[in-house]
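For reference, the structure is listed below as structure tokens.
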Amino acid sequence: MTSDVLIVGASVGGLTVAEALRRGGHTGRLRLVDPDPHPPYDRPPLSKQVLTGLWPPDRVRLRTPEQLEALDAEWVWGRAERLDAAARTVELDGGRALAYDTLVIATGLVPRRLPGPEPAGAHTLRSLDEALALRHALPDAGRVAVVGAGVLGCEIAAAARTLGREVTLVDPGPVPMARHLGPELGGRVAALHRRHGVRLRLGTAVTGLVGERGRVSGVALADGEVVRADLAVVTIGSVPATAWLENSGLALADGIVCDARCRAAPGVYAVGDVARWPDPVTGVGIRVESRTNATEQALVVAANILGDERVHAPVPYFWSDQYDTKIQVHGRVGGGDRVRYLEGTAADDRFVALTESDGGRTTAAIGWNHPRGARTARAHLTAAPSQP
């Protein structure tokens with residue numbers, strides 16, 4: 001295959017597409033576009049090992065310089081600003097237009113922001129530079145407020161507490177990680193953080209950041225309370241990076257709408273956090289934010305570019321390291337799902353559990369400090385439901 005493939009986004013999804021194309025025999029032009037000045041790097045360690053200083057920044061690189069050179073790809077550092085799907089060109093922020101035969105969009109996510117001004121001492125964490133800026137600021141912060149108790153917020157709270165900071169974790173939900181684990185297991189996460197000295201301020205929305213003399217002094221809550229802080233990290237979720245595609249003709253709905261083969265339009269594919277495709281079980285459009293999904297989806301897209309007709313039908317998976325606890329989830333936990341323990345109990349620090357819907361379908365397999373058990377329990381996700 002000798003066509004011109006353009007990949008917008010050079011993180012794990014875009015890089016994996018490029019590597020799989022070369023392994024599959026693609027000999028044509030291959031270009032990767034990204035605004036991040038760093039060579040491709042892994043994002044999950046940013047809120048864990050990099051933030052706590054256990055890893056130097058260069059350890060998160062996905063490939064060595066020699067491996068990247070062997071890919072025989074052109075690296076274009078810039079931000080995509082506009083797609084002309086009819087002309088098959090992508091315009092960059094500097095005005096340069098790149099033509100393509102096949103386009104792969106792997107632009108990932110953009111962090112949500114709180115309303116109002118952002119004083120000094122307000123942070124988000126998506127990129128390596130943001131992780132390093134937060135790592136540099138934490139030693140001088142006596143009080144840290146983390147706004148948002150999803151996976152990222154919980155990991156940052158754990159890292160800051162490990163570094164000896166006074167930490168308050170704020171979220172409008174009843175328990176941390178409720179969207180990912182449901183109320184019962186989310187309660188386990190709450191207990192974990194309380195045990196390590198984190199103050200939890202749950203059930204109340206945040207209205208904005210409070211500043212004094214241009215620096216963060218607290219987080220304002222909807223009930224009138226101000227959580228005092230010298231440093232605030234905002235982790236209230238992210239949105240797909242699709243603003244540059246609004247007039248492209250592609251279907252956009254909380255991501256790029258694709259078919260089951262991750263194809264968004266003739267000659268256009270989407271990969272990773274930005275892609276939305278039909279769930280093979282329900283037929284409903286889904287979007288999965290995880291490193292594992294980006295890698296698996298990239299392999300499907302590369303195969304389809306090379307002429308296969310593969311459907312992307314993954315079992316979603318994510319993991320989270322908080323303090324000395326590793327949480328692993330295969331599948332997706334529904335808000336009303338029941339928890340059934342296969343090994344251990346709700347009171348143990350090591351267990352394996354399944355979540356089940358009202359219809360008896362197993363929706364997720366969870367390992368709490370039990371990697372082997374989580375892998376074994378994953379087999380239950382392919383079993384038939386116990387009732388129709």
Within the stretch 145-169, of all residues that are without any contact (Cβ under 8 Å) to a residue 60 or more places away in the chain and touching a Lys or Arg at 6+ places or on another chain (Cβ under 6 Å), the one farthest from GLU225 (Cα to Cα) is GLU166
With the first residue restricted to the stretch 22-39 and required to be under 16 Å from THR2 (Cβ atoms), and the second required to be small (Gly, Ala, Ser) and buried (at least 19 other Cβ atoms within 10 Å of the Cβ), Cβ contacts under 6 Å at 6 or more apart or on different chains are LEU30/ALA18; LEU30/ALA73
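Taking the stretch 110-143 as the search range and keeping residues that are of a type in the set (Lys, Arg) and not in a helix (DSSP H, G or I), which one is surrounded by the fewest Cβ atoms within 10 Å (Cβ to Cβ)?
In the first step, residues of the stretch 110-143 are kept if they are of a type in the set (Lys, Arg); the result is 112-113, 126, 135, 143.
Keeping just the survivors that are not in a helix (DSSP H, G or I) gives 112-113, 126, 143.
Values: ARG112: 13, ARG113: 11, ARG126: 18, ARG143: 19.
Applying the filter and picking the extreme gives ARG113.
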The number of residues in the stretch 323-362 that are part of a loop (DSSP other than H, G, I, E, B) and in contact with a His (Cβ under 7 Å, 6 or more places away or on another chain) is 3
Among residues of the stretch 19-37 being over 15 Å from VAL90 (Cα atoms) and part of a loop (DSSP other than H, G, I, E, B), the residue modelled with the lowest pLDDT is PRO37
How many residues of the stretch 168-192 are more than 17 Å from GLN328 (Cα to Cα) and under 23 Å from the mean Cα position of the chain (by Cα)? The answer is 8
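Listed here are the residues, each with its yes/no results for (1) among the charged types (D, E, K, R); (2) at negative phi; (3) not assigned by TED's automatic domain parsing to the domain that holds PRO44.
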| position | (1), (2), (3) |
| --- | --- |
| PRO278 | no, yes, no |
| GLY283 | no, no, no |
| SER290 | no, yes, no |
| VAL300 | no, yes, no |
| PRO316 | no, yes, yes |
| TRP319 | no, yes, yes |
| VAL333 | no, yes, yes |
**Asked** Residues in the stretch 248-271: is at least one without any contact (Cβ under 8 Å) to a residue 24 or more places away in the chain, in the same structural domain as GLU155 (by TED's automatic domain parsing) and open to solvent by 40 Å² or more (accessible area, probe 1.4 Å)?
**Response** no
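Kindly indicate whether any position in the stretch 33-55 is open to solvent by 60 Å² or more (accessible area, probe 1.4 Å) and touching a Phe, Trp or Tyr at 6+ places or on another chain (Cβ under 8 Å).
yes
The values are calculated or read from the model by the stated rules, or taken from the named source; none is laboratory data. It should be emphasised that the depicted structure is a prediction, and the values quoted were computed from it without experimental measurement. Neighbour counts are summed over all protein chains in view; Cβ atoms, including those assigned to glycine, are modelled from backbone coordinates with ideal geometry. Heads up: the accessible areas ignore ligands, DNA and RNA and are worked out on the full protein's heavy atoms, side chains in. Shrake-Rupley method; radii C 1.70, N 1.55, O 1.52, S 1.80 Å.
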